[in-house]
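Below is one structure, written out as structure tokens; the observations come after it.
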Amino acid sequence: MILAFDPQQQLGQPLVLGVIEGSVYGLIALGLVLLYKSNRIFNFAQAEFGTIAALTAYFGYNGKLFGIPWHMPWIVAVIVGIFLGTLSAVLTERLVIRPLFHQPKVIMVVGTVGVLLASIAVEYLVFPTGGVAALPSVTDVGLHDPAFRVGFAGYNVSWEQVLTLLVLVAMALAAVAFFRYSRQGTAILAVSQEPTAAATVGISISRVSLLTWTLAGFLGSVAGIVSIGGAPLLVPGIMTGTALVGGITAAVLGGVTSMPGAFVGGLLVGLVHQYTQAFLSFPGAQNVAVGLVLLLVLLVFPRGLLGSET
Amino acid sequence: MSLLEVDGLRTGYGALPVLQGISFSVEEGETAVLFGLNGAGKTTTVNAIAGLLPAWEGQVRLDGKVISGLEAPKVVAAGVGLSPEGRRVFPALSVLTNLRLGAWTRKADGKKAVEDTVEQVFSYFPRLEERKDQLAGTMSGGEQQMLAIGRAVMSRPRVLLIDEASLGLSPKLAQTVFQVVSKINDDGTTVLIVEQNVGVLPYADQALIMEKGTLTYDGRGAELEKSGDLRKTYLGTS
Ligand SMILES: Nc1ncnc2c1ncn2[C@@H]1O[C@H](COP(=O)(O)OP(=O)(O)OP(=O)(O)O)[C@@H](O)[C@H]1O
Ligand SMILES: [Mg+2]
């Protein structure tokens, strides 16, 4: 059903929510692309690093973590969450990817599926979430108040949303700067483009692999933290359930090997989701719309929006 | 003592042996050329020296120090640079970034020293300076070859290994590349170059010929032309 026109509901709100939701997909997609470039695999556990970060942060702030009621300040809880999410990526590299380095890629991919399933199992053991629904946000510290109105549509943006957007913009800029200007960033690009040549100039492939997984884990963790504010349900496997498909779609839209493309693809998926939801009320409309956009983009740009190695 | 010593080197892929225990050495300051038919094991030899392939038996020594058993990054740091077969430049990075990556192991030398070496490479290959901001993958095959050699020079190696410098180059460009390699050699770098093109012979102090994983000739470059071994290897006649 097509909904009646309301600028606040249908222009301003979807814009803000779409950018935030899209950034989550973009961050997941960035991690996926990064690992695709360096290992030539899709990491099915990518979004789940985010669940680990989100659950850790939530229970560090609000509940018991490892049986102890920490009552961490939310900023500390967020940092601890990102740390554990990143750590799980590091462990994945050490325990699963490294031993499978010289195996066929498909075995490595299966390895990441194993990591995903194992993570969910561990989450059920560590986080007592039975029946918990609609948890408040970790960043719910008086930041929910509207900050200002989006000019053209009269939508009220909360401070939490402003903060989230600032963090996302800063992350995107930092990622660009890292790959363009830093020594380690250039090394990752070199290994992804020509591993043999990278070894001949003296770059350690295994160290770059560890660094890549660390970064991917960090990106996935931030995505998890950003999305818990709006998550209706915080349960094991939540990020894989809600954001992995969006992340993969974003990565494909962007051309699979392009990092800026991944982020742009994420924004596109988020905006299409939100605007479809604002205008069409039948269930599943957003997913159909995203599928259509994906199809259209690939028809016009078969290699994705920015389908070159950048 | 020779600068580079290969001593009873045996290696291969998986369980398949390729090098059957080869031994040779290269004197400091000289240029050695390694000839051989396709599949003889030339690439296997230089890759093993560069640490890309582990030695099963035998040793590689640089200035008396054992470098076989080290990983490739350590071998570069020890002073062996490789311009690998098939060029293998970093296609989506600029020429300048490719060159700077060549100096990866020289972090301690500082930016200034690295930029000096960039200038030196540009003096060897002025074409690279003209194209320094171009993405390496968009350059011609000949230009990519120059870049691959230049990138190997960036580590300021004591021994420069070049695998197939002239492959796919016009005879004229091949000669230009050989002349530059000879200049790099004159500037103090010992060179081991894999070649199929006999046009390199005038620049060779030492010549080696491989057949099926063994060395069949090891002598002075000037003598090889007279001996007829090269003709025998490549044309099957004597
Ligand atoms: N990665 C590999 N796996 C298995 N066998 C290999 C591999 N690389 C080379 N070989 C085999 O090792 C032998 C020697 O190969 P190598 O590349 O060293 O020869 P080459 O002398 O460099 O030949 P070319 O002149 O064609 O470059 C060949 O029989 C080749 O098939
Ligand atoms: Mg070869």
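Derivation of every value follows stated rules applied to the coordinates shown; laboratory data play no part. This structure is a prediction, so every number in the text was calculated from the model and none was measured. Don't worry about glycine lacking a Cβ; one is built from the backbone with ideal geometry, like all the others, and counts go over all protein chains shown.
With contacts taken as Cα pairs under 8 Å and at least 6 residues apart, region A:1-123 reaches a relative contact order of 24 percent. For the protein assembly as shown, the alpha-carbon radius of gyration amounts to 1.18 times the rule-of-thumb value 2.2 N^0.38 Å expected for a compact globular protein.
Summarising the amide proton neighbourhood of B:Gly39: residues at separation of 5 or more, or on other chains, whose placed amide H is nearer than 5 Å comprise an empty set. What you get for the protein assembly as shown, charging only the Cβ of Lys and Arg (+1) and of Asp and Glu (-1), is a dipole of about 280 debye around the Cα centre. Test of understanding: given chain A, find the longest segment containing no chymotrypsin sites (Phe, Trp or Tyr not before Pro) that are in a DSSP loop and have at most 15 other Cβ atoms within 10 Å. The answer is A:153-310. Packing here is the average count of other Cβ atoms within 10 Å per residue, and on that basis the peptides B:141-148, A:102-109, highest first, run B:141-148, A:102-109.
Farthest towards the positive end of the charge dipole of region B:1-139, among the residues B:Thr44, B:Leu70, B:Ser94, is the Cα of B:Ser94, using unit charges on the Cβ of Lys, Arg, Asp and Glu.
Legend: mean number of C-beta atoms from other chains within 10 angstrom of residue C-beta atoms, peptide A:199-212, equals 6.
Each principal axis of the Cα atoms in region B:156-196 has its own extent, and those three values, largest first, are 28, 16, 13 angstrom.
Database remark: amide H of B:Thr11 closer than 5 angstrom to the amide H of B:Val18, B:Leu19, B:Gly21, B:Trp56 (H placed geometrically; neighbours at sequence offset of 5 or more, or on other chains; Pro and chain starts carry no H).
Quick one: order A:Leu215, B:Leu169, A:Leu32, A:Leu91 by neighbouring beta-carbon count within 10 Å, fewest to most.
Ascending Cβ contact count within 10 Å gives the list A:Leu91, B:Leu169, A:Leu215, A:Leu32.
Amide H contacts for A:Leu65 (H built 1.01 Å from N in the peptide plane; partners 5 or more residues away or on another chain; cut-off under 5 Å): A:Trp70. Computed from the C-beta positions of B:Gln59 and B:Ser94, the FRET efficiency with R₀ = 41 Å rounds to 0.60.
Each Lys and Arg contributes +1 and each Asp and Glu -1, all at the Cβ; summed about the Cα centre of region A:7-300, the dipole is approximately 660 debye.
Residue by residue along B:63-73, Cβ atoms of other protein chains within 10 Å of the local Cβ number 2 on average. Debye calculation, C-alpha points only, no solvent: report log10 I(q)/I(0) for chain B at q = 0.10, 0.17 Å⁻¹, in the same order as the q values. With no solvent term, the Cα-only Debye profile gives -0.44, -1.28. GNM remark for chain B: springs join alpha carbons under 10 Å apart, and the peak mean-square fluctuation among B:Leu161, B:Leu16, B:Leu53 falls on B:Leu16.
By its C-alpha gyration tensor, with a ≥ b ≥ c as the square roots of the eigenvalues, how is region A:7-300 shaped: rounded for a/c under 1.5, else prolate for a/b larger than b/c, else oblate? Because a/c hits 1.5 or more and a/b fails to exceed b/c, region A:7-300 counts as oblate. For region B:1-110, the extents of the C-alpha atoms along the principal axes are 40, 31, 26 Å, listed from largest to smallest. Each Cα pair under 8 Å and six or more residues apart adds its sequence gap; the mean of these over the residue count of chain B is a relative contact order of 27 percent.
I'd like the distance between the alpha-carbon centres of region A:247-310 and region A:164-212, rounded to an integer number of Å. Value for the Cα centre distance between the two parts: 25 Å. In summary, the helical segments of chain A meeting the span-like criteria, namely a full DSSP H run, a Cα extent along the axis of 18 angstrom or more and a mean Kyte-Doolittle hydropathy of at least 0.0, are A:13-39, A:46-62, A:74-92, A:105-126, A:159-181, A:205-228, A:238-254, A:259-279, A:285-300. The tail of the calculated P(r) for region A:1-112 beyond 22 Å holds 52 percent of all Cα-Cα pairs. Please check: in the Gaussian network model of chain B (C-alpha springs, under 10 Å), which one of B:Tyr217, B:Tyr203, B:Tyr13 has the largest mean-square fluctuation. Its mean-square fluctuation being the largest, the pick is B:Tyr13. Within 10 Å of the Cβ of each residue in B:79-86, the mean number of Cβ atoms contributed by other protein chains is 3. Legend: ranking of residues A:Thr214, A:Thr56 from fewest to most surrounding C-beta atoms inside 10 Å; resulting order A:Thr214, A:Thr56. Remark: B:Ser140, A:Ser38 ranked as B:Ser140, A:Ser38, counting other beta-carbon atoms within 10 Å and listing the fewest first. The value of relative contact order for chain A, using C-alpha pairs under 8 Å at least six residues apart, is 36 percent.
Over the residues of the protein assembly as shown, the helix contribution to mean residue ellipticity at 222 nm works out to -17000 deg cm²/dmol, using -39500 (n - 2.57) for each DSSP H run of at least 4. If you run the Gaussian network model on chain A, springs between alpha carbon atoms under 10 Å, then out of A:Thr86, A:Thr200, A:Thr242 the most flexible one is A:Thr200.
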